[in-house]
1. Taking 37 °C and 0.692 mPa s as the conditions, I'd like the Stokes-Einstein D for the stretch 46-112 in µm²/s, using the Kirkwood hydrodynamic radius from alpha carbon pairs.
2. How big is the gap, in Å, between the Cα center of the stretch 67-92 and the Cα center of the stretch 19-55?
3. What fraction of the DSSP beta bridges in the chain is antiparallel, stated in percent and rounded to the nearest 5?
4. With only alpha-carbon atoms counted, please give the Rg and Dmax of the chain, in Å.
5. Would you kindly find the accessible area of residue 136, with a 1.4 Å probe and non-protein molecules such as ligands, DNA and RNA excluded, rounding to the nearest 10 Å²?
6. Give me the net charge for the shell around residue 156: Cβ to Cβ below 14 angstrom, other residues only, Lys and Arg +1, Asp and Glu -1.
7. Relative contact order of the chain: what whole-number percent is it, with Cα pairs under 8 angstrom and at least 6 residues apart?
8. Taking K and R as +1 and D and E as -1, what net charge do the other residues with C-beta under 13 Å from the C-beta of residue 71 add up to?
Amino acid sequence: KSYSGGSHGGRGGDTAFSGSIPDAFGNYQQPIDFGLGGVNSNSRGGGAIQLIADTLQLEGKILANGENTVANTHGGGGAGGSIWLDIGAISSESGNGQIVANGGDRFSNWLGGGGGGGRIAIYYNTKTNIADSKITAVGGSGAQNGGTGTVFIKDKTNGQASFLKIQGLG
């Protein structure tokens, strides 16, 4: 029986009971897929968000995280989902804006694997005061941690593209 984490941009973490874990999937430049839930768990994968706007002032969080495994179960964490932003000007006056599609964690010290990270793609003309460190698609913790997802950022004015995380390309 497997209690692995769900997969998406990163592969779900394995468990003490090696089972079959789905490979990473989805498109890193146009992410639209939901994250998979953890195996033998009621943890759900993250959802999918696409936002097209002329301006976005982000003082809070845009989240598509996978769920953590609930208390007292061995199941794996859910995988992060998808966030696709196509924005003219994106800014955070406070510097607190976050964009996150992380995998969920297993329940503390139980056998489940961490959920894989999701996929984030951001296209912009100007990006002000949003730190790259606040844009994450990391795997959740587990008997084996979930794999890192993808974060793809592209400046539409000069065509410059960068990856913050590049595992699980597909």
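1. Roughly 247 µm²/s, to the nearest whole number.
2. 8 Å
3. Counting only bridges with both partners in the chain, antiparallel ones make up about 15 percent.
4. 15.7, 51
5. 30 Å²
6. Around residue 156, the charge tally is -1.
7. So the answer I get is 26 percent.
8. Result for the local shell: -1.
The values are calculated or read from the model by the stated rules, or taken from the named source; none is laboratory data. Every value quoted in this text rests on a predicted model; they were computed, and no experiment measured them. We place every Cβ from the backbone using ideal geometry, glycine too, and count neighbours over all the protein chains shown. Remember, those area values only see protein heavy atoms, side chains included, never the ligands or the DNA or RNA. Shrake-Rupley method; radii C 1.70, N 1.55, O 1.52, S 1.80 Å.
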